[in-house]
Every structure is written in C-alpha cells, then in structure tokens.
Amino acid sequence: MRTMSIPMPDPMAIDVEQCRAETPGCSNVLHFNNAGAALPPQPVLDAQVGHLNREAAIGGYEAEAEAESQLQHTYAAIARMLDCTPEEVAIVENATRAWDMAFYAMPFEEGDRILTSRAAYASNHIACLQVARRTGAEVDVVPHDEYGQIDVEALRSMMDDRVALLALTHVPTNGGLVNPAAQVGEIAGEAGVPFLLDACQSAGQMPLSVDEIGCTMLSATGRKYLRGPRGTGFLYVQKDWIERLEPPLLDLHAATWTGPETYEIHSDARRFETYEGHVAGAVGLGVAVEYALTLGLEAISERVQMLADTLRTALSGASGVTVHDAGRTRCGITTFSAEQKTAPAIQTALREHDINVSVSTPSSTRLDAEARGLPDLVRASVHYYNTEAEIERFVSRLKSVLKG
Ligand SMILES: Cc1ncc(COP(=O)(O)O)c(C=O)c1O
C-alpha cells in the first residue's frame, strides 16, 4: 500500500505575502536598504500617526499621558525581546546615543584598556579615541580570525586586570559578518569585565537574549531591522551595573533635584534617558518590536539568512562583481564592489529604477576597511519581506547597470 506524504505547514514560516501587503513601501520600491532604515509596516505607521493626531487634537503632554500604557508596553516589549526587565531598558533617540550614554558613564582611568574589534563602528571608535586622549586609557583592537570575526582565543589571551571594557560590534555596518557575541560574553563574564554590545544592526534580524549573550550593556536603534520609527533607539544595562554607571549627562528626568545642593540619580535605566523625547516614535517602536516578536526572531533570522545567501550567490556569478562579506555566520547585509562602476554610481543608477541600496564608505569602519583594502562598497541589505523574485530583478538590473 502506498503511503501519501502530506506536506506539513512550517510553523516557523513567515507569511511573506501578508507582510508585504502590510508594508506600503513594498509596492513602490525594491528596498535593499534595511540596514539603513527598513520599510515600516502599517501598524507601526498607524501607531505614530495616531499619536501625532492626538498631540494635535488635545496637546502633546496630554497625548503622552493618554499613551502611558502604550509607552510602558514599549519598555515591556523591548525587555521581552532582550530577555531582561523593563527597568533595565532606556529609550533614547538612536543607537549612538544609547552606546554613548553607557560608554561615557564608564569610569576610565589612565592605564585602563578598552578592548574592541576590527568591525568597530566609526562613532563608537571615535568615542574610544576621545576617552583615551582624555583619560590615558588605551584602546586595543583584538585580532580577527580566518573568517574575519573577532578571534576569541586572541581575546582570551589579551585579558588582564587592566581591561576595563570589552566593546564589540555584533554586526558591522559594512557587511554580513555576525561576531560571536556569546563567546565574547563568556570571556567577559569569567573575567568580571563589563561587555558593551553594539546590536544596532542585529536587533530585529536575529534573536538577542542578553542572558545568552552575557552582555552587560547593549545598544540598538529602532529604524533598521526592527522596522521602527526613525529617531528611536534603546539601551539595556544589566541591573547590577545601572547604579555603578553615572550618566555623562543628567536632567530632571534622569535625576531628581532633592535640595538646593543635592540631587538623586534614578536607580533604574531611566537615568540614561532625557525628559523630552519623540513620543510618537517611542509608541511606534513598541509596535515594531511586538511585530517582530509575533513573527518570531528565529523565523526572521532564518529567512533573512536564506535570502542573503541567495543574493550573495547570484552576485558572485555577476561579471566584475566582488562580494566582500566576512564571517563564519552571516546575516542580511551583503556588500560588494564592481570593476565597472563605483559604488555611488551604482547606487544612483539603481535608484532611477526604484531600487534602494546604500554605500558603505571606508570611514564608517576604518579598521576593517584599511586592513582589507576595501573601496566604497554597495550595501544591499535584505529583510524577511523581500522576495527571491526581487533578488532576481535586482541582480538583472545590476548587470544592465554595469554594462551601461
Ligand atoms: C554597527 C552600527 N552601530 C551603530 C550605528 C549608529 O546607529 P544610529 O544611527 O541609530 O545612531 C550604526 C548605523 O548605521 C551601525 O551600523
């Protein structure tokens, strides 16, 4: 007797058609600039516009009071995504400010060592250099391994009692590399050294449990893979570290003026925030995080990796094109250069066909770009709502742009 095998629906699968139908931008553009700012889904847009309408209708402060539960929901949603508590989350205006509020709160002294890696993002590294100049701390770059990721054994051998901070960029701005954050977290944990993870490009495209990673602090942005509003970001600080970190800037939201000569800094992560903020953005950010959690970050990661691998394979077959992504594990970002045209020329030509990519310049990741001799790169970053058909269209248009 023949047995019929009935295909089972994959419980992890994302309903791509529905996601696209809920994303207004999908009908206008082929958007491979998700590492710049992803297309927001309609519920995120509705939450922001709805809040702006209430601000106009009843007043900004009054609308904020009305939105209190939605704002609390944003902290709770971020906490669920990161596996932490809402008290460990600060909402700020972008990932850089989140990172800075943690970094500049560290009490560095002469002789301290800040360990970073080749994937370091420009803004973070500039801050490291500034602090080194001011305090006499040293910035040491951990070597990379044969995959181009941070060399975990080299890191282990560099640890000593002068190491005051481990700062790692999880996913760099200039390629598909995913650094082994949890292995770095293990070393940081063993040494009792704080670990600041820049998760700006990884938040929203892969699971990010601060417990599993073992980071002390984590910074991220709303507008990239989380598909949230521009002008939003957040910082996680592990509860035992919150009161050890005095924010570089304080206001009446971060601290209370308790007497003519005294003030008290708040004991939760609100100490890293400012009073005035982008309330519609914060409301929209909560909806964006919830949207990602509902789809599932495992499922998102699986689909994003599958699409990016498909894109890399197709690009590798295009004449004159070199794909530059490093890493043992790779994510949704793909960067490439072409012999025939510069990256800005390719970006402009594609834009004429409603295809969005961005250009990654060496100055955004100088350590890596100089070590690998990278030129300006075209960055094509895919998200789960992109399709294989879009990849085909993209590569075919790229080939004609390169011929033209
Ligand atoms: C790895 C990385 N870190 C930090 C940032 C800064 O993020 P934001 O522009 O939200 O400050 C970026 C932005 O592209 C980035 O790619």
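The values are calculated or read from the model by the stated rules, or taken from the named source; none is laboratory data. Since the model is a prediction, treat every value here as computed from it, not as a measurement. Neighbour counts run over all protein chains shown; Cβ positions are idealised from the backbone, glycine included.
Checking each residue in segment 288-326 for being touching a residue at least 24 places away in the same chain (Cβ under 8 Å), of a type in the set (Val, Ile, Thr) and either out of contact with any Leu (no Cβ under 9 Å at 6 or more places or on another chain) or surrounded by fewer than 20 Cβ atoms within 10 Å (Cβ to Cβ) (or both) picks out Ile300, Val304, Thr310. Within segment 222-278, restricting attention to residues that are hydroxyl-bearing (Ser, Thr, Tyr) and surrounded by fewer than 17 Cβ atoms within 10 Å (Cβ to Cβ), the residue that is nearest to the ligand (Cβ to nearest atom) is Tyr275.
Take the residues in segment 97-146 that are aromatic (Phe, Trp, Tyr) and closer than 16 Å to Leu168 by Cα, then tell me which one is farthest from the chain's Cα centre (by Cα).
Of segment 97-146, the ones aromatic (Phe, Trp, Tyr) are 99, 103-104, 108, 121.
Right, trim to closer than 16 Å to Leu168 by Cα and you get 99, 103-104, 121.
Values: Trp99: 11, Phe103: 17, Tyr104: 20, Tyr121: 11 Å.
So, considering only residues that are aromatic (Phe, Trp, Tyr) and closer than 16 Å to Leu168 by Cα, the one farthest from the chain's Cα centre (by Cα) is Tyr104.
When segment 347-394 is filtered for residues that are among the β-branched types (Val, Ile, Thr) and either outside the structural domain of Pro24 (by TED's automatic domain parsing) or within 26 Å of Ser301 (Cβ to Cβ) (or both), the ones remaining, listed by number, are Ile355, Val357, Val359, Thr365, Val378, Val382, Thr387, Ile391. For segment 343-388, how many residues meet the condition of being closer than 25 Å to Gln42 by Cβ and within 16 Å of the ligand (Cβ to nearest atom)? Summing the residues that are closer than 25 Å to Gln42 by Cβ and within 16 Å of the ligand (Cβ to nearest atom) in segment 343-388 gives 7. Starting from segment 117-143, take each residue that is touching a residue at least 24 places away in the same chain (Cβ under 8 Å) and in the same structural domain as Val178 (by TED's automatic domain parsing) and list its partners that are more than 16 Å from the ligand (Cβ to nearest atom) and among the aromatic types (Phe, Trp, Tyr), counting only C-beta distances under 8 angstrom and pairs at least six apart or across chains. Going by the 8 Å Cβ cut-off, the qualifying pairs are Val131/Phe108; Thr135/Phe108; Ala137/Phe108.
Please specify each residue of segment 373-398 satisfying the condition of being touching a residue at least 40 places away in the same chain (Cβ under 8 Å), assigned to a helix (DSSP H, G or I) and surrounded by fewer than 18 Cβ atoms within 10 Å (Cβ to Cβ). Lay out the reasoning, then the answer.
Here is the first cut: in segment 373-398, the ones touching a residue at least 40 places away in the same chain (Cβ under 8 Å) are 374, 377-388, 390-395, 397-398.
Right, trim to assigned to a helix (DSSP H, G or I) and you get 388, 390-395, 397-398.
Once the filter is applied, which keeps residues that are touching a residue at least 40 places away in the same chain (Cβ under 8 Å), assigned to a helix (DSSP H, G or I) and surrounded by fewer than 18 Cβ atoms within 10 Å (Cβ to Cβ), segment 373-398 yields Glu388, Glu392, Arg393, Arg397.
If we keep just the residues of segment 352-372 that are assigned to a loop (DSSP other than H, G, I, E, B) and acidic (Asp, Glu), which is farthest from Ile391 (Cα to Cα)?
At the first step, the residues of segment 352-372 found to be assigned to a loop (DSSP other than H, G, I, E, B) are 352-354, 357, 361, 365.
Add one more test, that the residue is acidic (Asp, Glu), and what stays is 352, 354.
Numbers: Glu352: 17, Asp354: 14 Å.
The qualifying residue farthest from Ile391 (Cα to Cα) is Glu352.
Residues in segment 118-147 that are within 18 Å of Ala182 (Cβ to Cβ) and in contact with a strand residue (DSSP E or B) (Cβ under 7 Å, 6 or more places away or on another chain): Ala119, Val142, His144.
Among the listed residues Ala314, Ala282, Ala326, Ala349, which satisfies the condition of being in a helix (DSSP H, G or I) and either within 22 Å of the chain's Cα centre (by Cα) or among the β-branched types (Val, Ile, Thr) (or both)? Break it down into steps so the answer makes sense when it comes.
Values: Ala314 fails: either within 22 Å of the chain's Cα centre (by Cα) or among the β-branched types (Val, Ile, Thr) (or both); Ala326 fails: in a helix (DSSP H, G or I); Ala349 fails: either within 22 Å of the chain's Cα centre (by Cα) or among the β-branched types (Val, Ile, Thr) (or both).
The match here is Ala282.
Across segment 74-108, which residue is farthest from the ligand (Cβ to nearest atom) among those that are of a type in the set (Gly, Ala, Ser) and buried (at least 21 other Cβ atoms within 10 Å of the Cβ)?
Taking segment 74-108 as the starting set, the residues that turn out to be of a type in the set (Gly, Ala, Ser) are 76-77, 79, 90, 95, 98, 102, 105.
Among the residues that remain, those that are also buried (at least 21 other Cβ atoms within 10 Å of the Cβ) are: 77, 90, 95, 98, 102.
On the way: Ala77: 18, Ala90: 14, Ala95: 3, Ala98: 8, Ala102: 13 Å.
The qualifying residue farthest from the ligand (Cβ to nearest atom) is Ala77.
Taking the criterion of being over 11 Å from Leu285 (Cα atoms), in contact with a Leu (Cβ under 9 Å, 6 or more places away or on another chain) and not hydrophobic (A, V, I, L, M, F, W, C), the residues of segment 72-95 that qualify are Arg80, Asp83, Glu88. If you take the residues in segment 11-32 that are assigned to a loop (DSSP other than H, G, I, E, B) and of a type in the set (Val, Ile, Thr), which one is nearest to Gly296 (Cα to Cα)? Restricting to residues being assigned to a loop (DSSP other than H, G, I, E, B) and of a type in the set (Val, Ile, Thr), the top hit is Ile14.
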